[in-house]
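What follows is a set of notes on a single structure, which appears directly below.
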Amino acid sequence: MEQQRMGIIDIGSNSIRLVIYERTPQGAYRVIDGSKQAGRLSEQIDGDGKLNEAAVDRLVGTLHRFRLLCFLHKTDRIRAVATAAIRNAANREHVLQRLAKETGLMVEPLSGKEEAAYGFLGMINTMEVRDGFLIDIGGGSTELSLFRGRELIRSVSFPFGAVNSSRRYAEKGNLDDKSLSELESVLRNAIEAEPWIREAAGLPLVGIGGTVRTLARMHQAQIKYPLPQTHNYVMRPEDTEALFASLRGLPLEKRKKTPGLSKDRADLIVPGIAILRTFFRTCRADRYLICGAGLRDGLFFDLALPSGGRLDDPLDYSIANIGALYPDAPQPHVDQVNRLAAALYDELAPRYPLGGEAACWLNVASRLFRIGAGIDYYQYAKHTFYLMVNSHLNGLSHRGILISAAVASYKNRSGARQLHHAYKPIMDDDDLEAVYRLGTLLQLAVALDRSESQPFEGLEADIRSNKLLLRPIGQNGPMTMERSEVDALADDFRKVWGLTPVLENGR
């Protein structure tokens, strides 16, 4: 498979962004470069509704720099899109013609529904959530969608966002009681024209875009959250309300010092959250769910994947992608360990139930346990944990990511306790017991292919007295190394499971 690279340029109403994606020869996708330029295009609209020429001049310069980056990275294709500020500008055609003539880029002005659809695609391919509302608060517009059974049902684009709302209601980013009341009244009146918004109470409000990611980062900094990842982060409505009240009470210069809040968003965050909380209340949502993906990811999936870019299983896709990014581990060995771990779990789970997600955690761990060897074989467990926690394991909660990574990197109970202590606000005591059991089970599966030669095709496991009898099926090679490794592991396995594993002769 040939290496391919593509650039995605998103000309937003607040920021202009470039992301360069690469498909590796192994078929994995990853981001290899990116750039961001503050544009504030929604602030550059004059009284006639036109984007002023000075703003277009700056935009041309930004796109020239982005094109140079794409050229240096030898991208095969560049896709550039524009959202609300250009889409709604009275001189839209003039702006697009200037951009085409002076940069060589044919910029696509996305409609509100197209923007919502691409945002939904980016979200649904990176999260395991079936039903909910999706909100994207941009600089000049807000898109709201309803999805059921992972299918987009309705969507609407409203002509207000963090930048134009700040310009109209929040002088220097400060939103007083009168201005807040006026903004909320405008929002509610616009929402009233879409009665379907009130007809699906009790769903999560999934947020994409800079406002919700910033909200999550601020909350994580406030509570000293140990996992610096906003994707799939859950927030309660009372936490959002408390942060909103705190930020409103700060003058702009003090607000800029808030941990988790970038200075270039300090004047936008209060009106942005005001929009977010109004929609939350109107939708009668039950929680906030932050998504780290969005429009650019949706555009990427639309270009890179067949069948409209939809994934049936985001977790399976991301596991395969991570494995392909770190291809040093011998795949036949990894596949064998994965099969053996599943067979062992099927035998032990009925007697030692670990909860509905345990099989998923073990599957993830047994497919990725060797990725750290690409950094250093002798300490691959430590590197595996780091890579799993800091990669895009989409479809798992933060708790699920940590447990899966702890199982994949398991060496002993002492090491597991140290990880549990470091991440205790996310992992509870029952999770530590699951890591013990699944970690030693994975160790046993690895031991059963210690030679990495797959000396047998299948496995039968049977519990008798205090022994776990292991009978290989379809033996096609010597099992000397496997038997020695199982014997060496027996004591640790017995301490966790109360069973001594015994590798019998194959048949």
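The values are calculated or read from the model by the stated rules, or taken from the named source; none is laboratory data. Bear in mind the structure is a predicted one, so any value in this text is a computation, not a measurement. FYI the Cβ positions are ideal-geometry reconstructions off the backbone, even for glycines, and counts take in every protein chain you see.
Only one of Gly149, Gly207 is under 14 Å from Leu276 (Cα atoms), at pLDDT 95 or above and either in contact with a strand residue (DSSP E or B) (Cβ under 6 Å, 6 or more places away or on another chain) or not aliphatic (A, V, I, L, M) (or both). Can you tell me which?
When all the criteria are applied, what remains is Gly207.
Taking the range 13-38, which residues are in contact with a strand residue (DSSP E or B) (Cβ under 8 Å, 6 or more places away or on another chain) and outside any strand (DSSP E or B)?
Those that are in contact with a strand residue (DSSP E or B) (Cβ under 8 Å, 6 or more places away or on another chain) and outside any strand (DSSP E or B): Asn14, Thr24.
Yes/no matrix, rows are residues, columns are (1) in the same structural domain as Glu457 (by TED's automatic domain parsing); (2) of a type in the set (A, V, I, L, M); (3) under 24 Å from Ser451 (Cβ atoms):
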| site | (1), (2), (3) |
| --- | --- |
| Asn338 | yes, no, yes |
| Ala342 | yes, yes, yes |
| Ala359 | yes, yes, no |
| Leu362 | yes, yes, yes |
| Arg370 | yes, no, yes |
| Gly374 | yes, no, yes |
| Tyr380 | yes, no, yes |
| Leu387 | yes, yes, no |
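Residue under question is Glu171, and the condition is that it be over 18 Å from Ile269 (Cα atoms), without any contact (Cβ under 8 Å) to a residue 24 or more places away in the chain and either acidic (Asp, Glu) or in the same structural domain as Cys283 (by TED's automatic domain parsing) (or both); does it hold?
No: the conditions fail for Glu171.
Which of the residues spanning the range 1-15 are buried (at least 19 other Cβ atoms within 10 Å of the Cβ) and either hydroxyl-bearing (Ser, Thr, Tyr) or over 11 Å from Arg296 (Cα atoms) (or both)?
Answer for the range 1-15, where residues must be buried (at least 19 other Cβ atoms within 10 Å of the Cβ) and either hydroxyl-bearing (Ser, Thr, Tyr) or over 11 Å from Arg296 (Cα atoms) (or both): Met6, Ser13, Asn14, Ser15.
Among all residue pairs at least 6 apart or on different chains, which show Cβ distances below 9 Å where the first residue, located in the range 330-343, is among the acidic types (Asp, Glu) and the second is in a loop (DSSP other than H, G, I, E, B)?
Close Cβ pairs satisfying both conditions: Asp335/Gln454.
Could you say which residue among Val156, Val186, Val212, Val163 is of a type in the set (A, V, I, L, M) and modelled with pLDDT under 95?
Val163
Give the residue, chosen from Ser179, Ser155, that is closer than 14 Å to Gly272 by Cα, surrounded by fewer than 23 Cβ atoms within 10 Å (Cβ to Cβ), of a type in the set (Ser, Thr, Tyr) and in the same structural domain as Leu261 (by TED's automatic domain parsing).
Details: Ser155 fails: closer than 14 Å to Gly272 by Cα.
Matching residue, one of Ser179, Ser155: Ser179.
With the requirement that a residue be of a type in the set (Lys, Arg) and assigned to a helix (DSSP H, G or I), what does the range 405-460 give you? Give the derivation first.
Residues of the range 405-460 that are of a type in the set (Lys, Arg), as a first pass: 411, 413, 417, 424, 437, 450.
Arg413, Arg417, Arg437 - these are the residues of the range 405-460 that are of a type in the set (Lys, Arg) and assigned to a helix (DSSP H, G or I).
Restricting the search to the range 124-158, which residues are farther than 19 Å from Ile11 by Cα and among the hydrophobic types (A, V, I, L, M, F, W, C)?
Passing the criteria: Ile124, Met127, Val129, Phe133, Leu134, Leu144, Leu146, Phe147, Leu152, Ile153, Val156.
How do the helices (runs of 4 or more DSSP H) wholly within the range 299-393 filter down when requiring 3 or more residues that are in contact with a Lys or Arg (Cβ under 9 Å, 6 or more places away or on another chain): which remain?
Details: elements: 314-325, 331-348, 358-368, 380-390.
Ranges flagged: 314-325, 331-348, 380-390.
Look through Val107, Val163, Val95, Val81 and report the one residue that is buried (at least 18 other Cβ atoms within 10 Å of the Cβ), touching a Gly at 6+ places or on another chain (Cβ under 8 Å) and over 15 Å from Val206 (Cβ atoms).
Val163
Which one of the conditions (1) surrounded by fewer than 20 Cβ atoms within 10 Å (Cβ to Cβ); (2) within 23 Å of Leu144 (Cα to Cα); (3) touching a Gly at 6+ places or on another chain (Cβ under 6 Å) does Ile290 fail to meet, given that it meets all the rest?
All conditions pass for Ile290, except number (1).
Could you figure out which of (1) out of contact with any strand residue (DSSP E or B) (no Cβ under 8 Å at 6 or more places or on another chain); (2) without any contact (Cβ under 8 Å) to a residue 40 or more places away in the chain isn't true of Ala190?
Against the list (1) out of contact with any strand residue (DSSP E or B) (no Cβ under 8 Å at 6 or more places or on another chain); (2) without any contact (Cβ under 8 Å) to a residue 40 or more places away in the chain, Ala190 comes up short only on (1).
When Met106 is evaluated against the numbered criteria (1) free of Cβ contacts under 8 Å to residues at least 60 places away in the same chain; (2) not assigned by TED's automatic domain parsing to the domain that holds Val56, which criterion, by number, is the only one it fails?
It is condition (2) that Met106 fails.
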